[in-house]
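The values are calculated or read from the model by the stated rules, or taken from the named source; none is laboratory data. This structure is a prediction, so every number in the text was calculated from the model and none was measured. Here the Cβ positions follow ideal geometry from the backbone for every residue, glycine too, while neighbour counts run over all protein chains shown. Side chains are part of the model used for accessible areas, which takes the heavy atoms of the whole protein and leaves out ligands, DNA and RNA. Shrake-Rupley method; radii C 1.70, N 1.55, O 1.52, S 1.80 Å.
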Amino acid sequence: MNLLVTGGAGFIGSNFIHYMFDKYKEEIKIVNIDNLTYAGNLENLRGIESKQNYFFVRGDICDKELIFNIIEQYSIDTIINFAAESHVDRSISDPSIFIKTNVMGTLSLLEAAKDKNIKKFVQISTDEVYGSLGEDGYFTEETPLAPNSPYSASKASADLLVRSYHETYGMNINITRCSNNYGPYHFPEKLIPLMITNALENKVLPVYGDGLNVRDWLHVSDHASAIDLVMRNGESGEVYNIGGHNERRNIDIVQLILENLDRPKTLIKYVEDRKGHDRRYAIDPTKLITKLGWNPNYTFDIGIKETIKWYLDNEDWWRRIKSGEYIEYYKNQYENSLI
Ligand code: NAD
Ligand code: DAU
(Lines give C-alpha, C1' and ligand atoms only; values in the text may rest on other atoms or scores of the structure.)
(Ligands and ions follow the chains in the order given, each with its own letter.)
Protein backbone atom coordinates (compact mmCIF):
# COMPACT_ATOMS: atom_id res chain seq x y z
CA MET A 1 0.00 0.00 0.00
CA ASN A 2 1.35 3.39 -1.04
CA LEU A 3 -0.87 5.94 0.66
CA LEU A 4 -1.21 9.64 0.13
CA VAL A 5 -2.65 11.00 3.38
CA THR A 6 -3.78 14.62 3.18
CA GLY A 7 -3.98 16.74 6.33
CA GLY A 8 -1.85 14.24 8.21
CA ALA A 9 -0.49 16.86 10.61
CA GLY A 10 -3.96 17.53 12.03
CA PHE A 11 -5.78 15.71 14.81
CA ILE A 12 -7.30 12.70 13.05
CA GLY A 13 -4.80 12.47 10.19
CA SER A 14 -1.84 12.25 12.58
CA ASN A 15 -3.59 9.67 14.75
CA PHE A 16 -4.34 7.67 11.60
CA ILE A 17 -0.67 7.75 10.57
CA HIS A 18 0.37 6.54 14.04
CA TYR A 19 -2.25 3.78 13.86
CA MET A 20 -1.15 2.62 10.40
CA PHE A 21 2.57 2.46 11.23
CA ASP A 22 1.82 0.64 14.49
CA LYS A 23 -0.22 -1.89 12.56
CA TYR A 24 1.59 -2.30 9.24
CA LYS A 25 5.17 -1.34 10.16
CA GLU A 26 7.30 -1.66 6.98
CA GLU A 27 4.45 -3.00 4.84
CA ILE A 28 3.18 0.45 3.88
CA LYS A 29 4.50 3.71 2.54
CA ILE A 30 2.79 6.92 3.67
CA VAL A 31 3.23 10.31 2.08
CA ASN A 32 1.65 13.08 4.13
CA ILE A 33 0.75 16.34 2.40
CA ASP A 34 -0.22 19.15 4.70
CA ASN A 35 0.15 22.91 4.30
CA LEU A 36 0.36 23.38 8.08
CA THR A 37 -2.49 25.78 8.75
CA TYR A 38 -3.05 26.86 12.36
CA ALA A 39 -4.39 23.30 12.97
CA GLY A 40 -1.46 21.43 11.42
CA ASN A 41 1.32 20.54 13.81
CA LEU A 42 4.34 18.38 13.04
CA GLU A 43 4.72 17.70 16.76
CA ASN A 44 1.72 15.39 16.34
CA LEU A 45 3.98 13.07 14.35
CA ARG A 46 6.75 12.67 16.89
CA GLY A 47 8.66 9.46 16.23
CA ILE A 48 7.29 9.09 12.71
CA GLU A 49 9.63 11.49 10.85
CA SER A 50 12.59 9.13 11.06
CA LYS A 51 10.83 6.23 9.34
CA GLN A 52 12.20 5.17 5.95
CA ASN A 53 8.69 4.60 4.61
CA TYR A 54 7.27 8.01 5.67
CA PHE A 55 7.53 11.23 3.65
CA PHE A 56 6.22 14.69 4.47
CA VAL A 57 5.42 17.31 1.83
CA ARG A 58 4.43 20.78 2.90
CA GLY A 59 1.85 21.75 0.30
CA ASP A 60 -1.72 22.66 -0.51
CA ILE A 61 -4.24 20.09 -1.73
CA CYS A 62 -5.56 22.78 -4.10
CA ASP A 63 -2.25 22.58 -6.01
CA LYS A 64 -3.16 19.95 -8.61
CA GLU A 65 0.29 19.93 -10.24
CA LEU A 66 1.88 19.14 -6.91
CA ILE A 67 -0.57 16.28 -6.30
CA PHE A 68 0.17 14.86 -9.80
CA ASN A 69 3.88 14.93 -9.07
CA ILE A 70 3.52 13.30 -5.66
CA ILE A 71 1.38 10.49 -7.08
CA GLU A 72 3.98 9.84 -9.76
CA GLN A 73 7.09 10.20 -7.63
CA TYR A 74 5.86 7.94 -4.82
CA SER A 75 3.77 5.50 -6.93
CA ILE A 76 0.68 6.34 -4.88
CA ASP A 77 -2.20 3.87 -5.22
CA THR A 78 -4.59 5.18 -2.52
CA ILE A 79 -5.60 8.68 -1.41
CA ILE A 80 -7.19 9.36 1.97
CA ASN A 81 -8.43 12.90 2.21
CA PHE A 82 -8.44 14.26 5.76
CA ALA A 83 -7.30 17.79 4.84
CA ALA A 84 -9.95 20.33 5.70
CA GLU A 85 -10.90 23.38 7.62
CA SER A 86 -12.69 21.58 10.42
CA HIS A 87 -14.02 24.01 13.04
CA VAL A 88 -17.70 24.98 12.84
CA ASP A 89 -17.27 28.25 14.77
CA ARG A 90 -14.55 29.44 12.39
CA SER A 91 -16.80 28.62 9.43
CA ILE A 92 -19.51 30.84 10.91
CA SER A 93 -17.10 33.80 11.17
CA ASP A 94 -15.36 33.26 7.81
CA PRO A 95 -16.75 30.64 5.40
CA SER A 96 -14.67 31.30 2.28
CA ILE A 97 -11.55 29.30 3.22
CA PHE A 98 -13.88 26.35 3.94
CA ILE A 99 -15.11 26.41 0.35
CA LYS A 100 -11.58 26.73 -1.01
CA THR A 101 -10.01 23.91 1.00
CA ASN A 102 -12.92 21.55 1.53
CA VAL A 103 -14.56 21.86 -1.90
CA MET A 104 -11.89 23.07 -4.34
CA GLY A 105 -9.19 21.07 -2.57
CA THR A 106 -11.22 17.88 -2.87
CA LEU A 107 -11.87 18.61 -6.55
CA SER A 108 -8.16 19.03 -7.21
CA LEU A 109 -7.41 15.70 -5.51
CA LEU A 110 -10.16 13.97 -7.49
CA GLU A 111 -8.81 15.34 -10.77
CA ALA A 112 -5.31 14.14 -9.99
CA ALA A 113 -6.66 10.77 -8.85
CA LYS A 114 -8.64 10.37 -12.08
CA ASP A 115 -5.74 11.27 -14.36
CA LYS A 116 -3.35 8.98 -12.53
CA ASN A 117 -5.78 6.05 -12.20
CA ILE A 118 -5.65 5.90 -8.44
CA LYS A 119 -6.95 2.54 -7.15
CA LYS A 120 -8.94 3.92 -4.20
CA PHE A 121 -10.03 7.37 -3.03
CA VAL A 122 -11.37 7.66 0.52
CA GLN A 123 -13.10 10.89 1.49
CA ILE A 124 -13.14 11.54 5.24
CA SER A 125 -16.46 13.22 5.77
CA THR A 126 -18.59 13.87 8.81
CA ASP A 127 -21.99 13.11 10.31
CA GLU A 128 -22.65 16.87 10.28
CA VAL A 129 -23.63 16.62 6.59
CA TYR A 130 -26.91 15.04 7.75
CA GLY A 131 -27.88 18.10 9.81
CA SER A 132 -29.55 17.77 13.19
CA LEU A 133 -31.66 15.07 14.88
CA GLY A 134 -34.55 15.48 17.31
CA GLU A 135 -34.66 13.47 20.52
CA ASP A 136 -35.01 10.12 18.74
CA GLY A 137 -33.51 8.32 15.78
CA TYR A 138 -30.10 7.94 14.18
CA PHE A 139 -28.24 9.02 11.05
CA THR A 140 -28.06 6.15 8.56
CA GLU A 141 -26.33 6.27 5.19
CA GLU A 142 -29.76 6.93 3.65
CA THR A 143 -30.50 10.02 5.77
CA PRO A 144 -30.86 13.00 3.39
CA LEU A 145 -28.05 15.55 3.43
CA ALA A 146 -29.14 18.71 5.26
CA PRO A 147 -26.02 20.59 6.37
CA ASN A 148 -26.65 23.59 8.62
CA SER A 149 -23.28 25.35 8.94
CA PRO A 150 -20.91 26.64 6.26
CA TYR A 151 -18.48 23.93 7.44
CA SER A 152 -20.95 21.07 7.00
CA ALA A 153 -22.22 22.55 3.72
CA SER A 154 -18.65 22.53 2.39
CA LYS A 155 -18.19 18.90 3.51
CA ALA A 156 -21.52 17.87 1.93
CA SER A 157 -20.47 19.58 -1.32
CA ALA A 158 -17.22 17.65 -1.31
CA ASP A 159 -19.12 14.40 -0.71
CA LEU A 160 -21.29 15.06 -3.75
CA LEU A 161 -18.22 15.71 -5.91
CA VAL A 162 -16.62 12.47 -4.72
CA ARG A 163 -19.84 10.59 -5.45
CA SER A 164 -19.99 12.10 -8.94
CA TYR A 165 -16.47 10.84 -9.76
CA HIS A 166 -17.72 7.35 -9.02
CA GLU A 167 -20.92 7.73 -11.05
CA THR A 168 -19.33 9.57 -13.98
CA TYR A 169 -15.80 8.18 -14.23
CA GLY A 170 -16.21 4.89 -12.39
CA MET A 171 -13.64 5.90 -9.77
CA ASN A 172 -13.27 3.50 -6.83
CA ILE A 173 -14.32 5.76 -3.97
CA ASN A 174 -15.64 5.52 -0.45
CA ILE A 175 -17.02 8.22 1.80
CA THR A 176 -16.86 7.83 5.57
CA ARG A 177 -19.06 9.88 7.89
CA CYS A 178 -17.90 9.76 11.47
CA SER A 179 -19.29 11.28 14.62
CA ASN A 180 -17.29 13.52 17.01
CA ASN A 181 -13.79 12.25 17.76
CA TYR A 182 -11.75 12.74 20.92
CA GLY A 183 -8.26 11.66 21.96
CA PRO A 184 -4.62 12.80 21.83
CA TYR A 185 -3.49 15.76 19.64
CA HIS A 186 -7.02 17.24 19.55
CA PHE A 187 -6.69 20.97 18.90
CA PRO A 188 -7.86 22.94 21.96
CA GLU A 189 -10.51 24.95 20.12
CA LYS A 190 -12.85 21.91 20.15
CA LEU A 191 -15.09 21.10 23.12
CA ILE A 192 -13.18 18.34 24.96
CA PRO A 193 -9.60 19.66 24.71
CA LEU A 194 -10.79 23.24 25.29
CA MET A 195 -12.56 22.24 28.49
CA ILE A 196 -9.67 20.09 29.76
CA THR A 197 -7.04 22.77 29.14
CA ASN A 198 -9.18 25.66 30.42
CA ALA A 199 -9.89 23.67 33.59
CA LEU A 200 -6.18 23.01 34.04
CA GLU A 201 -5.56 26.75 33.67
CA ASN A 202 -8.45 27.52 36.08
CA LYS A 203 -10.14 29.48 33.30
CA VAL A 204 -13.86 29.76 32.59
CA LEU A 205 -15.46 26.83 30.70
CA PRO A 206 -17.77 28.39 28.08
CA VAL A 207 -20.85 26.24 27.43
CA TYR A 208 -22.99 27.29 24.48
CA GLY A 209 -26.75 27.80 24.96
CA ASP A 210 -28.38 25.49 27.50
CA GLY A 211 -25.59 22.88 27.31
CA LEU A 212 -28.08 20.18 26.34
CA ASN A 213 -26.89 19.62 22.76
CA VAL A 214 -25.89 16.02 22.23
CA ARG A 215 -22.82 14.68 20.43
CA ASP A 216 -21.87 11.04 19.78
CA TRP A 217 -18.23 10.60 20.85
CA LEU A 218 -15.76 8.12 19.37
CA HIS A 219 -12.11 7.62 20.29
CA VAL A 220 -9.91 8.71 17.40
CA SER A 221 -8.10 5.34 17.20
CA ASP A 222 -11.47 3.63 16.64
CA HIS A 223 -12.06 6.07 13.79
CA ALA A 224 -8.65 5.12 12.39
CA SER A 225 -9.42 1.39 12.53
CA ALA A 226 -12.70 1.99 10.68
CA ILE A 227 -10.97 4.01 7.94
CA ASP A 228 -8.37 1.27 7.53
CA LEU A 229 -11.16 -1.30 7.02
CA VAL A 230 -13.07 0.87 4.57
CA MET A 231 -9.90 1.65 2.62
CA ARG A 232 -9.10 -2.06 2.23
CA ASN A 233 -12.55 -3.68 2.01
CA GLY A 234 -15.11 -0.96 1.31
CA GLU A 235 -17.32 -1.60 -1.68
CA SER A 236 -16.76 0.91 -4.47
CA GLY A 237 -19.11 3.90 -4.37
CA GLU A 238 -20.39 3.16 -0.85
CA VAL A 239 -20.81 5.49 2.10
CA TYR A 240 -20.03 4.17 5.62
CA ASN A 241 -21.17 5.85 8.82
CA ILE A 242 -18.77 5.52 11.77
CA GLY A 243 -19.85 5.80 15.40
CA GLY A 244 -19.88 3.85 18.64
CA HIS A 245 -23.28 4.68 20.18
CA ASN A 246 -21.91 7.01 22.78
CA GLU A 247 -24.23 9.99 23.04
CA ARG A 248 -23.54 12.61 25.69
CA ARG A 249 -24.93 16.03 26.49
CA ASN A 250 -22.29 18.77 26.38
CA ILE A 251 -22.91 19.78 29.97
CA ASP A 252 -22.36 16.19 31.15
CA ILE A 253 -19.02 16.05 29.33
CA VAL A 254 -17.93 19.33 30.91
CA GLN A 255 -18.94 18.20 34.40
CA LEU A 256 -17.17 14.88 33.95
CA ILE A 257 -13.95 16.68 32.99
CA LEU A 258 -14.18 18.96 36.03
CA GLU A 259 -14.76 15.99 38.34
CA ASN A 260 -11.80 14.11 36.88
CA LEU A 261 -9.54 17.13 37.33
CA ASP A 262 -10.95 17.99 40.74
CA ARG A 263 -11.94 21.48 39.65
CA PRO A 264 -15.09 23.33 40.83
CA LYS A 265 -18.31 23.51 38.79
CA THR A 266 -18.25 27.29 39.34
CA LEU A 267 -15.81 27.43 36.40
CA ILE A 268 -18.74 26.66 34.05
CA LYS A 269 -20.24 29.66 32.30
CA TYR A 270 -23.24 29.44 29.98
CA VAL A 271 -22.55 31.73 27.03
CA GLU A 272 -24.31 32.86 23.87
CA ASP A 273 -25.35 29.92 21.70
CA ARG A 274 -23.60 28.99 18.44
CA LYS A 275 -25.58 30.26 15.43
CA GLY A 276 -27.53 27.42 13.76
CA HIS A 277 -26.38 25.07 16.54
CA ASP A 278 -27.26 21.45 15.65
CA ARG A 279 -29.14 19.90 18.57
CA ARG A 280 -28.21 16.26 18.36
CA TYR A 281 -25.98 13.88 16.38
CA ALA A 282 -26.19 10.09 16.68
CA ILE A 283 -24.78 7.54 14.26
CA ASP A 284 -26.22 4.19 13.27
CA PRO A 285 -23.05 2.18 12.47
CA THR A 286 -24.90 -1.04 11.50
CA LYS A 287 -23.60 -1.08 7.93
CA LEU A 288 -19.95 -0.80 8.97
CA ILE A 289 -20.38 -3.49 11.61
CA THR A 290 -22.31 -5.99 9.50
CA LYS A 291 -20.60 -5.47 6.12
CA LEU A 292 -17.01 -4.85 7.22
CA GLY A 293 -16.88 -6.39 10.69
CA TRP A 294 -15.82 -3.21 12.51
CA ASN A 295 -16.16 -2.74 16.25
CA PRO A 296 -14.78 0.00 18.48
CA ASN A 297 -12.20 -0.91 21.13
CA TYR A 298 -12.67 1.98 23.52
CA THR A 299 -15.45 2.59 26.00
CA PHE A 300 -15.94 6.29 26.67
CA ASP A 301 -15.15 5.91 30.37
CA ILE A 302 -11.68 4.54 29.63
CA GLY A 303 -11.09 6.77 26.58
CA ILE A 304 -11.89 10.04 28.34
CA LYS A 305 -9.72 9.19 31.37
CA GLU A 306 -6.80 8.34 29.05
CA THR A 307 -7.37 11.54 27.10
CA ILE A 308 -7.42 13.71 30.21
CA LYS A 309 -4.19 12.04 31.31
CA TRP A 310 -2.66 12.72 27.89
CA TYR A 311 -3.34 16.46 28.32
CA LEU A 312 -1.86 16.34 31.81
CA ASP A 313 1.26 14.60 30.47
CA ASN A 314 1.61 16.82 27.39
CA GLU A 315 1.26 20.27 28.80
CA ASP A 316 4.06 21.65 26.58
CA TRP A 317 2.14 20.60 23.48
CA TRP A 318 -1.08 22.45 24.28
CA ARG A 319 0.54 25.41 26.04
CA ARG A 320 2.59 26.12 22.89
CA ILE A 321 -0.62 26.11 20.82
CA LYS A 322 -2.53 28.26 23.27
CA SER A 323 0.17 30.89 23.33
CA GLY A 324 0.28 31.49 19.55
CA GLU A 325 -2.31 32.72 17.00
CA TYR A 326 -4.84 31.02 19.27
CA ILE A 327 -4.94 33.99 21.67
CA GLU A 328 -6.42 36.24 18.98
CA TYR A 329 -8.93 33.57 17.90
CA TYR A 330 -10.02 32.98 21.50
CA LYS A 331 -10.52 36.68 22.11
CA ASN A 332 -12.69 37.10 18.98
CA GLN A 333 -14.72 33.94 19.56
CA TYR A 334 -15.54 34.50 23.22
CA GLU A 335 -14.97 38.23 23.81
CA ASN A 336 -18.63 39.18 24.30
CA SER A 337 -19.43 36.33 26.63
CA LEU A 338 -16.44 35.90 28.91
CA ILE A 339 -15.92 39.42 30.21
P1 NAD B 1 -7.84 19.35 11.89
O2 NAD B 1 -8.35 20.74 11.70
O3 NAD B 1 -7.25 18.96 13.19
O4 NAD B 1 -6.74 19.02 10.78
C5 NAD B 1 -6.86 19.42 9.45
C6 NAD B 1 -5.48 19.30 8.81
O7 NAD B 1 -5.61 19.65 7.42
C8 NAD B 1 -4.43 20.24 9.40
O9 NAD B 1 -3.22 19.56 9.61
C10 NAD B 1 -4.26 21.32 8.33
O11 NAD B 1 -2.98 21.91 8.31
C12 NAD B 1 -4.54 20.52 7.07
N13 NAD B 1 -4.98 21.35 5.95
C14 NAD B 1 -5.94 22.32 5.98
N15 NAD B 1 -6.04 22.89 4.75
C16 NAD B 1 -5.16 22.25 3.94
C17 NAD B 1 -4.81 22.38 2.57
N18 NAD B 1 -5.41 23.29 1.78
N19 NAD B 1 -3.85 21.57 2.06
C20 NAD B 1 -3.23 20.66 2.85
N21 NAD B 1 -3.52 20.49 4.16
C22 NAD B 1 -4.48 21.27 4.69
O23 NAD B 1 -9.06 18.41 11.50
P24 NAD B 1 -9.46 16.99 12.09
O25 NAD B 1 -10.32 17.17 13.26
O26 NAD B 1 -8.25 16.15 12.17
O27 NAD B 1 -10.39 16.46 10.90
C28 NAD B 1 -9.85 15.74 9.81
C29 NAD B 1 -10.96 15.37 8.85
O30 NAD B 1 -11.93 14.58 9.51
C31 NAD B 1 -11.72 16.58 8.31
O32 NAD B 1 -11.97 16.36 6.94
C33 NAD B 1 -12.99 16.63 9.12
O34 NAD B 1 -14.04 17.17 8.35
C35 NAD B 1 -13.23 15.16 9.38
N36 NAD B 1 -13.94 14.81 10.63
C37 NAD B 1 -13.56 15.34 11.82
C38 NAD B 1 -14.19 14.92 13.00
C39 NAD B 1 -13.79 15.45 14.35
O40 NAD B 1 -14.46 15.14 15.34
N41 NAD B 1 -12.71 16.18 14.48
C42 NAD B 1 -15.25 13.99 12.93
C43 NAD B 1 -15.62 13.49 11.68
C44 NAD B 1 -14.95 13.90 10.54
O1 DAU C 1 -19.62 15.48 14.30
C2 DAU C 1 -18.38 15.55 13.68
C3 DAU C 1 -17.83 16.95 13.80
O4 DAU C 1 -17.47 17.13 15.17
C5 DAU C 1 -16.66 17.22 12.88
O6 DAU C 1 -17.09 17.15 11.54
C7 DAU C 1 -16.05 18.61 13.14
O8 DAU C 1 -14.88 18.78 12.37
C9 DAU C 1 -15.70 18.68 14.63
O10 DAU C 1 -15.18 19.97 14.91
C11 DAU C 1 -16.91 18.40 15.48
O12 DAU C 1 -17.92 19.44 15.34
P13 DAU C 1 -18.76 19.96 16.60
O14 DAU C 1 -19.27 21.31 16.26
O15 DAU C 1 -19.73 18.95 17.06
O16 DAU C 1 -17.57 20.01 17.69
P17 DAU C 1 -17.12 21.13 18.76
O18 DAU C 1 -16.06 20.49 19.59
O19 DAU C 1 -16.85 22.44 18.12
O20 DAU C 1 -18.42 21.29 19.64
C21 DAU C 1 -19.01 20.17 20.30
C22 DAU C 1 -20.24 20.67 21.05
O23 DAU C 1 -19.80 21.52 22.12
C24 DAU C 1 -21.17 21.52 20.21
O25 DAU C 1 -22.50 21.24 20.59
C26 DAU C 1 -20.81 22.95 20.56
C27 DAU C 1 -20.38 22.83 22.02
N28 DAU C 1 -19.35 23.82 22.45
C29 DAU C 1 -18.21 23.93 21.71
C30 DAU C 1 -17.22 24.84 22.08
C31 DAU C 1 -15.98 25.00 21.25
C32 DAU C 1 -19.55 24.56 23.60
O33 DAU C 1 -20.57 24.44 24.29
N34 DAU C 1 -18.57 25.45 23.96
C35 DAU C 1 -17.43 25.66 23.24
O36 DAU C 1 -16.60 26.53 23.62
Report task. Round to the nearest 0.05 the FRET efficiency obtained for Leu42 and Glu135 when R0 = 56 Å and r is the Cβ-Cβ distance. Result -> 0.85
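Compute the Rg to Rh ratio over region 55-128 from the alpha carbon atoms, using the Kirkwood formula for Rh, and round to two decimal places. Walk me through the intermediate numbers first.
On the way: Rg = 13.1 Å, Rh = 13.1 Å.
With Rg and the Kirkwood Rh in hand, the quotient comes to 1.00.
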Query raised in the report: From a point 7 Å beyond the Cα of Ile97 in the direction of its Cβ, which residues of region 188-203 have a backbone N at a distance under 17 Å?
Result: 188-190
Requested in this report: Please report, to two decimal places, log10 I(q)/I(0) for region 241-339 at q = 0.12 Å⁻¹ as given by the Debye formula with identical point scatterers on the Cα atoms and no solvent.
Outcome: -0.63
Query - Overall dimensions of the chain as given by Cα atoms, namely Rg and Dmax in Å - result: 19.2, 57
Query raised in the report: By what distance, in whole Å, do the Cα atoms of region 107-216 stretch along each of the three principal axes, largest value first?
Result: 53, 32, 21
**Report entry** Estimated dipole of region 217-296 in Debye, rounded to 20 [Cβ of Lys and Arg +1, of Asp and Glu -1, Cα centre]
**Finding:** 240 debye
Report task. Work out the length of the dipole vector of region 189-339 about its Cα centre, built from +1 on the beta-carbon of each Lys and Arg and -1 on the beta-carbon of each Asp and Glu, and round it to the nearest 20 debye. Result -> 200 debye
Query raised in the report: If you stretched the chain out fully between Lys269 and Leu161, how much longer would it get, using 0.36 nm times the residue separation minus the C-alpha to C-alpha distance?
Result: 34.8 nm
**Report entry** Rounded to 5, the percent of DSSP beta bridges in the chain classed as antiparallel
**Finding:** 10 percent
Query raised in the report: Using alpha-carbon positions, what is the distance between the centroids of region 271-328 and region 81-119, in Å?
Result: 22 Å
Report summary line: Carbon plus sulfur, as percent of the 1.4 Å-probe accessible area of region 127-233, comes to 49 percent
Report summary line: Each label sits 7 Å from Cα toward the beta-carbon; between Lys305 and Leu145 the label points are separated, in nm, by 4.1 nm
Query - Entries in Lys29/Lys305; Lys120/Lys291; Lys190/Lys309 that, when Cα-Cα distance is taken, lie over 26 Å - result: Lys29/Lys305
Requested in this report: Leaving out ligands and nucleic acids, note down the accessible area per residue over the chain with a 1.4 angstrom probe, in whole Å².
Outcome: 42 Å²
Query raised in the report: Which aspartates and glutamates, on any chain, are close to Lys116 with Cα under 19 Å apart, when same-chain ones fewer than 8 places away are left out?
Result: Asp60, Asp63, Glu65, Glu72, Asp77, Glu167
Query raised in the report: Where does the chain land at 222 nm, in deg cm²/dmol rounded to the nearest 500, when only DSSP H runs of n ≥ 4 count, each adding -39500 (n - 2.57), divided by all residues?
Result: -12000 deg cm²/dmol
**Report entry** Fully extended contour minus Cα-Cα distance, from Asp252 to Asp77, at 0.36 nm per residue
**Finding:** 58.7 nm
Query raised in the report: Just going by the charge dipole of the chain, with Lys and Arg at +1 and Asp and Glu at -1 on Cβ, which of Ser164, Gly10, Thr286 is farthest out on the positive end?
Result: Gly10
